[in-house]
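The values are calculated or read from the model by the stated rules, or taken from the named source; none is laboratory data. Please read all numbers here as calculations on a predicted model, not as lab measurements. Here the Cβ positions follow ideal geometry from the backbone for every residue, glycine too, while neighbour counts run over all protein chains shown. All accessible areas refer to the heavy atoms of the entire protein, side chains included, with ligands and DNA or RNA removed. Shrake-Rupley method; radii C 1.70, N 1.55, O 1.52, S 1.80 Å.
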Amino acid sequence: MSIIQVTSRRRTGWLVTAGVQSQLFEPTETRIMQRHYGTALSASDARALLAAPEEYAPKQDSTVDHGNVVAGFGGLLAVEPLLRATSYADGSHALHLAVIDPGRVEGDELVITLADPAGLVVEAHWRTYAGSDVIDRFTVLRNGGDGDVDLLRAGSGAVALPDWTGYRRTVPWGRWGREGGLDRAPLTHGRNVSRGWEGLRSFMPPWVMIDDGSATEDTGCVCTAVLAWGGSGYVSAELSTNDRARVTAGIDDTDFRIRLRPGEEFTTPTLDTTWTDGGFNAASQAWHAHIRRHVLPRHADRPVLYNSWEATLFDVSEAGQRELARLAARAGAELLVMDDGWFDTRSDDHAGLGDWSVSPVKFPAGLAPLIREVRHLGMRFGIWVEPEMVNPDSDLYRQHPDWVVHTSGRPRSEKRNQLVLNFARPDVRQWAIGWLDALLRDNDITFVKWDCNRGLSEVGWPGESNPERVWVEHVRGTIAVLSEVRRRHPDTEFEICASGGARVSLDFLAVGEQAWTSDNTGAVERLSIQNGFSYIYPAVAMGAWVTDTGTTGHFRDEPLGYRFCVAMQGAMGIGGDLTRCSETDISVAAEWVALYKQIRPIIHQGRRFRVESTPVGVADVVAYVAENQSRAVVFAVGRGDWIDSTVARVRARGLDPDAEYDVRVISRDEDQRPTEEARLQTTGRVALTHGVSVGWPGFYPASVLVFDRTG
Ligand code: GLA
């Protein structure tokens, strides 16, 4: 990782290198031009690029703008603008940027500064991290003039993609119960925009992968741009009519307006980028390594948790939780998380949100007796909260109806019978910090599931001159509250949740050890959901529960051993109603949990590969490999129910081809217990090319292959 200045023929540029990628920027009089995004370059490579003649600029065309990565709206411009602003001092709508500082290095950052005649100063920042392939980009906008400036679009950054003969765009999509979707299609001319709309969370997270048109999991060039923003963002991939491609991204600007008084500044979220020529797997692995090392507050192996939601819904009681705790401990859980329904008048989703005192009816002696028992059983205790929300039927709302995000004279639309508290307001944040702090101080709670079950509507802040700030400051206010609570309770871990997986983002993962992936816990559906998650986010942060079948939203009758083979691929938990399980099922669960604990370090810290194996299309194969290639775990899971048995040829990935491995093939027996079905010796090369043949039953087949190097 390095940032160096390179000069050639009076042209000067900045070469930013992070692991396998470099990006080269040349400040000109009025622009910052990106001259390279791709393979790592030496200083002499960069000099050669800068020595090349300026690009030919056709008279009536604007090809030259392709590399302009800080494009301001209003001047001669043919690319998507990064910035748009109105200056009240000179009444202008047209940004006219000029470079006023061609670059300086501040620690791990490169900063190039531009300014507009009305006084808006624009700092473009690039940041690198030790041992990471990621280059971050963010923008600081400062009002250096005498009058107010309104920012109408404050993009985080843009990248000019390499020149390829084809471009394909992969973007995520999702909805409640169907997270992890991926749309992949050739990039079409014009702007291909993916945009969230819920304001404080998003089922359409702002990231994009652009590949060279034919990349596979293991080959080809892939560029990724991830906006570190848990609210609504946009990511625009633009293919010009000259067949050159760029990406521009930032906070959603549909209703964006930030007023800067003289001297004030606004810092955008970061746009984080990688490049690889190793296909989609290498792209994902770069993100996993970066997130583990530089984003997550902790990346130690996650505990096996038991969550009570699906077992009890709102019907929480001390006796019921004690019973679940005893059974969860026998199944091998390390943490008991009591979900929604423990507080005040919360007996369904119509009332109670906002009144965060322990229900005296459900817990007559408070939480202490339950937590003592959980501790005695050898587990930690965790609890569910949803601090940003309020039910109109609550004392909090009756006392502070003005605390909710709303617009005067308009209805306050409810969703799940709740409204959103305005976390942009300092008094609301103080209130939240106050009760969360007390809850964690007064009780031995070391895990918090932080939920957020609706998006924004009627966005306003009556009495404020710049109410649109809510879009930005609610998200930042929430993260500020989380950070403050973490600071006061450094041993407490957080799980980020929003109606399932609507808040899986880099900014929230910086204040939460794991994310809840989806409320859909059906194992077959989970295969797709987990696949989508894995494109950017590591398994250590992917909450995955084994739950009951035959319950609401989970109709398939997947065998218990199959469900374990799917949930084991992430941060595994158990979420079924253990009181309805037989003695055998609890002991079966305990055996799978014991196996999981043996292989958990490889799953949580190893390199993850999506593996193409046969039978094609029905076998979901995922491999996790220790950095030193001494151990690997391969999960092979079939999607269904065929009439006949078959042979799956399960290939490994990431092994040392020249090493010898002992392989244990673990499947399930008739009681659903894990059982060693075969044990063999092979070489890395054979496992990588021919794979290991596994006999599969016709009904929901699933196997775990554990590779241990023997020579
Ligand atoms: C959301 C979460 C669930 C559960 C419920 C509780 O839907 O995603 O896991 O916590 O809220 O109301």
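Under a model in which nothing but the beta-carbon of Lys, Arg (+1) and Asp, Glu (-1) is charged, region 369-430 shows a dipole of about 180 debye around its Cα centre.
Does region 605-699 classify as rounded, prolate or oblate by the C-alpha gyration tensor (a ≥ b ≥ c root eigenvalues; a/c under 1.5 gives rounded; else a/b over b/c gives prolate, otherwise oblate)?
Working: a/c = 1.83, a/b = 1.58, b/c = 1.16.
It comes out prolate by the Cα gyration axes.
Nonpolar atom fraction for the chain, defined as the carbon and sulfur part of the 1.4 Å probe accessible area, stands at 50 percent.
Thr689 to Asp348: FRET efficiency via 1/(1 + (r/R0)^6), r the Cβ-Cβ distance, R0 56 Å, to the nearest 0.05? Intermediate values should be presented prior to the final figure.
Working: r = 56 Å, r/R0 = 1.01.
Efficiency computed from Cβ-Cβ geometry: 0.50.
Full extension from Ser2 to Asp393: what is 0.36 nm times the residue separation minus their Cα-Cα distance, to one decimal in nm?
Working: separation 391, 0.36 × 391 = 140.76 nm, distance 5.60 nm.
135.2 nm is the gain from fully extending Ser2 to Asp393.
Shape of the chain from the C-alpha gyration tensor: oblate (a/c of 1.5 or more and a/b not above b/c, with a ≥ b ≥ c the square roots of its eigenvalues).
Evaluated with a Cβ-only charge set (Lys, Arg +1; Asp, Glu -1), region 1-145 carries a dipole of roughly 240 debye about its Cα centre, given to the nearest 20.
Toward the positive end of the charge dipole of the chain, with +1 on the Cβ of Lys and Arg and -1 on the Cβ of Asp and Glu, the farthest Cα among Gly190, Leu83, Gly654 is that of Gly654.
Kindly provide the chymotrypsin sites (Phe, Trp or Tyr not before Pro) of region 525-629 that DSSP labels as loop, not H, G, I, E or B, and whose Cβ sees at most 13 other Cβ atoms within 10 Å. Spell out each step's value before the answer.
Working: sites: Phe533, Tyr535, Trp545, Phe555, Tyr562, Phe564, Trp592, Tyr596, Phe609, Tyr624; in loops: Tyr535, Phe555.
In loop regions of region 525-629 (DSSP not H, G, I, E or B), the sparsely surrounded chymotrypsin sites (Phe, Trp or Tyr not before Pro) are Phe555.
Just to confirm the filter: which GluC sites (Glu not before Pro) across region 622-702 are DSSP coil and have at most 15 other Cβ within 10 angstrom of their Cβ? Sparse-neighbourhood loop GluC sites (Glu not before Pro): Glu627, Glu670.
Model label sites at Asp45 and Ile586, defined 7 Å from Cα along the beta-carbon direction, differ in position by 6.0 nm. Note on Asn443 and Arg375: their simple-model spin labels are 1.4 nm apart, each label 7 Å out from Cα toward Cβ.
Note on region 410-547: dipole from Cβ charges, positive end direction compared against Gly532, Trp545, Gly477; the farthest Cα belongs to Gly477.
Per residue, the solvent-accessible area of the chain (1.4 Å probe, heavy atoms of protein chains only, all protein chains present) comes to 36 Å². Across region 539-550, rounded Karplus estimates of 3J(HN,Hα) from the backbone phi angles (6.51 cos²θ - 1.76 cosθ + 1.60, θ = phi - 60°) give 4, 5, 9, 9, x, 8, 9, 8, 10, 6, 9, x Hz, Gly and Pro being marked x. With the charge dipole of region 386-485 set up from +1 on Lys and Arg Cβ and -1 on Asp and Glu Cβ about the Cα centre, the Cα lying farthest toward the positive end among the listed residues Trp461, Pro411, Met389 is that of Pro411. In this simple spin-label model, placing a label point 7 Å from the Cα along the Cα-to-Cβ direction at both Thr407 and Glu660 gives a separation of 7.3 nm.
Translational D (Stokes-Einstein, µm²/s) of region 14-143 at 4 °C and 1.567 mPa s when Rh comes from the Kirkwood sum over C-alpha pairs? Intermediate values should be presented prior to the final figure.
Working: Rh = 15.8 Å.
Estimated diffusion coefficient is 82 µm²/s.
In order along region 505-519, phi translates into HN-Hα couplings of 8, 5, 5, 6, 6, 6, 10, x, 6, 8, 10, 7, 7, 5, 6 Hz, rounded to whole numbers, per the Karplus curve 6.51 cos²θ - 1.76 cosθ + 1.60 with θ = phi - 60° and x for Gly and Pro. Converting phi to 3J(HN,Hα) with the Karplus coefficients 6.51, -1.76 and 1.60 and the offset θ = phi - 60°, region 397-410 yields 5, 5, 7, 10, x, 6, 6, 8, 5, 7, 10, 4, x, 10 Hz in sequence order, with x at every glycine or proline.
Please state the shape class of region 94-227: rounded when a/c is under 1.5, otherwise prolate if a/b exceeds b/c and oblate if not, all from the C-alpha gyration tensor. In terms of gyration-tensor shape, prolate.
Using only side-chain charges placed at the Cβ, +1 for Lys and Arg and -1 for Asp and Glu, the dipole size of region 142-291 relative to its Cα centre rounds to 320 debye.
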